[in-house]
Amino acid sequence: MTGTPLLEVEDLRLDLDIGSGRVAAAEGVSFRIDRGETFGLVGESGCGKSITALALIGLLRHPLSIGGGVIRFDGKEIQHLSAAGQRDLRGNRIAMIFQEPMTALNPVSPVGRQIAEMFVLHKGKSWREANRLAVEALANVRVPAPERRVKDYPHQLSGGMRQRVMIAIALACGPDLLIADEPTTALDVTVQAEIIELMRNLCAERGTAILMISHDLGLVANVCRRVAVMYAGRIVEERGSADIFRAPSHPYTQGLVASLPRLGSRAALGRARLQEIAGVVPAITHFPDGCRFNPRCVRATEICRTVAPDVDLLEAGGLVRCHHHA
Amino acid sequence: MLSFLFRRLLQTVPTVLAVVLLVFVLFSVVPGSIVSSMSDDSDPQVEERMKKQLGLDDPVYVRFGKYIAKLSTGDLGTSFRTREPVTTMIAKRAWPTLQLVFAAMAFAVVIGVPLGFIAALKPGGIVDTLAMMVAVSGLSIAKFWLGLVLMYLFALKLGWLPSFGYGDGGLKYLLLPAVTLGVSPMALFARTTRAAVLEIMTADFVRTARSKGMSETRVVKWHVMRNALVIILTTVGLQFGALMGQAVVVEKLFSWPGIGSLLVDSVLQRDIPAVQGSILVVVLAFLAINLLIDVLYGVIDPRIRYA
């Protein structure tokens, strides 16, 4: 890629105020996303992936706050923009889709109006013009009879339709980056594939980069070119998505890959139990010293319990944060 | 919508009947009557004649039957005290009471709801603390005491407003009683609004609105207000009923010629037709307002639709 990357995150730390002090809910988070690229952030719930996304779009609220590091969007540091400057980016150049299409839309406002707001806010359109554009936006996300659907309220639409509306809102202003936080987790499996396909196609047409956040490694690897795996507030491995399945490097990633059920594996390997990663994710206030994965890691040695591993560059391309990586 | 209205109207019939029966039975079992309340040196013969005249010597069920029969034609009976038809008495007094209750309600909504909104925008801030102090005081103050203090201050000391009475029905007469009556619902609306707005501000769709790049003012105007309105409306509806009851105290205090003071006087003198008529009218007004609120729900919240 040439020129500045679309998004650069360097050594980001997110603090959680727990009353008696602050703890780092995420730290040392660094990654970059190029224009039009698809990038995935994977991890268990509580690993810090969603709050990272909220930090990028400037929506962290107390008790969470940015404790350090840099977020550069299109070469400009977001934290140093004025509130109005941040709002100009939000929705307009960085858009976000949330997990719950059920509650993410205002129940007492017609969906057309909720789309039209985007054109009024960022494109200076009149409501009349914005409403017309909203019909087009609904048509773009393949909602049938959009000129009638714009008048519907969220409760009159199915979950899949609502998520289409969310996508229409997010892509209304042709953003450079779409952050999708578990966009299909709340949907039926059959609808999931449709929504992912739609999102991917629309972004590819518009050259919109995607930052996809999910606990589902398979889904993310399917959508994204590169994947970062987060564990307990740190990125532990970042690879091309084909590599991460073929040769995962970090023990945690290996565990994740091994725990995925594979079609046809029973014929090849016989009836075997799915593998799991022993132990549980540590609480945010009690992250272990050294490598945070050490209590659950089969390869842990003395150094893992005392020294936090640095980022290692892999020969095959990618990064890993482990003393004993493969 | 029309069929919904019709059904709701039908549903009020049993409520009205129950109230009528209750009031009737209550006044048949309490000791004393209009006759005993009129003179101290009772001549048994005179008493008998009066009772016969007023129809009080019939058994309760006969009296109730007669009452219901008259009621169905819209006749509320004749006052024992003034010999006037109760409908006329109430008609004269309905307007002042409506004026008072609606003025109090307007005061409560216009002050209370914005106060709650402002308080919720910066919870824990100075405005919030002050607003909630006002709200707690407003809820705890006894109406008759507040009325007396207002009277003393604005009528006696400052001389800005008349101390009591209806006068020509002008605004200056209405002001003190309306504020006295409106303070506690105002406080309640401030608290309810604050709580509603605070809760809505944490909703997912508010986060969506922020992610669109909206200013906080726009978020509140475009997304929070209408949602809060649903909750506020419920409280307003319930408070109408409470205000009609509390109006009795305020009307008596300010010698306001409304249904409330008619009710108090009639109870004291066992003027049963007037009591029954007044209560019936208050109940009907309460039911009508609640019906109106239900219809408004449907207008504000699309999830509520009446078929």
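Quick note: the coordinates plus some simple rules give every number you see, no bench work behind them. Values in this document were obtained by computation on a predicted structure and should not be read as measured data. When we count neighbours, we look across all protein chains shown, and the Cβ atoms used for this are built from the backbone with ideal geometry, even at glycine.
The mean number of Cβ atoms from other chains found within 10 Å of a Cβ in peptide A:154-160 is 1, as a whole number.
Using equal-weight Cα scatterers in the Debye expression, the normalised intensity of region A:100-253 in log10 at q = 0.10, 0.20 Å⁻¹ is -0.40, -1.22. Size descriptor for region B:206-293, Kirkwood hydrodynamic radius: 15.9 Å (Cα pairs only, one decimal). Here chain B has an Rg and Dmax of 23.8, 86 Å, counting Cα atoms alone.
Computed over every Cα-Cα pair of chain A and binned at 10 Å starting from 0, the pair-distance distribution P(r) comes out as 6, 24, 32, 24, 11, 3, 0 percent.
Excluding same-chain neighbours fewer than eight residues apart, the aspartates and glutamates reachable from B:Lys172 by a Cα-Cα span under 18 Å are B:Glu251. For the protein assembly as shown, dividing the convex hull volume of the Cα atoms by the residue count gives 245 Å³ per residue.
In straight-distance terms, cross-link reach from A:Lys125 covers every one of the aspartates and glutamates whose alpha-carbon lies under 16 Å from its own, apart from those fewer than eight places away in the same chain; here that gives A:Asp88, A:Glu117, A:Glu136.
Here the ratio of the Cα radius of gyration of region A:1-86 to 2.2 N^0.38 Å is 1.12. Restricting the calculation to alpha carbons of region B:157-276 gives Rg and Dmax of 21.0, 67 angstrom.
Mean partner shielding of peptide A:74-82, defined as the number of other chain Cβ atoms within 10 Å of each residue Cβ, is 0.
Compared with the dominant Cα axis of chain A, that is its longest principal axis, helix A:111-123 is turned about 90°. So, in Å, what gap is there between the alpha-carbon centers of region A:139-188 and region B:74-132? After rounding, the separation between the Cα centres reads 45 Å. Of all complete DSSP H helices in chain B, those with a Cα span along the helix axis of 20 Å or greater and a mean Kyte-Doolittle hydropathy of -1.0 or more are B:2-29, B:86-121, B:126-140, B:171-201, B:225-253, B:272-300.
Annotation: amide H-H contacts under 5 Å for A:Ile235 (H modelled 1.01 Å from N, sequence separation of 5 or more, or interchain): A:Ser30. Based on the Kirkwood radius over alpha-carbon pairs, what value in µm²/s does the Stokes-Einstein equation return for the translational diffusion coefficient of region B:209-248 at 37 °C and 0.692 mPa s? D = 272 µm²/s. For chain A, a Gaussian network of Cα nodes joined below 10 Å ranks A:Val236, A:Val307, A:Val220 by mean-square fluctuation, and the top entry is A:Val307. Within 10 Å of the Cβ of each residue in A:99-108, the mean number of Cβ atoms contributed by other protein chains is 6. When the charge dipole of region B:38-146 is built from unit charges on Cβ atoms (+1 for Lys and Arg, -1 for Asp and Glu) and taken about the Cα centre, the candidate among B:Pro123, B:Gly138, B:Gly74 whose Cα reaches farthest toward its positive end is B:Pro123.
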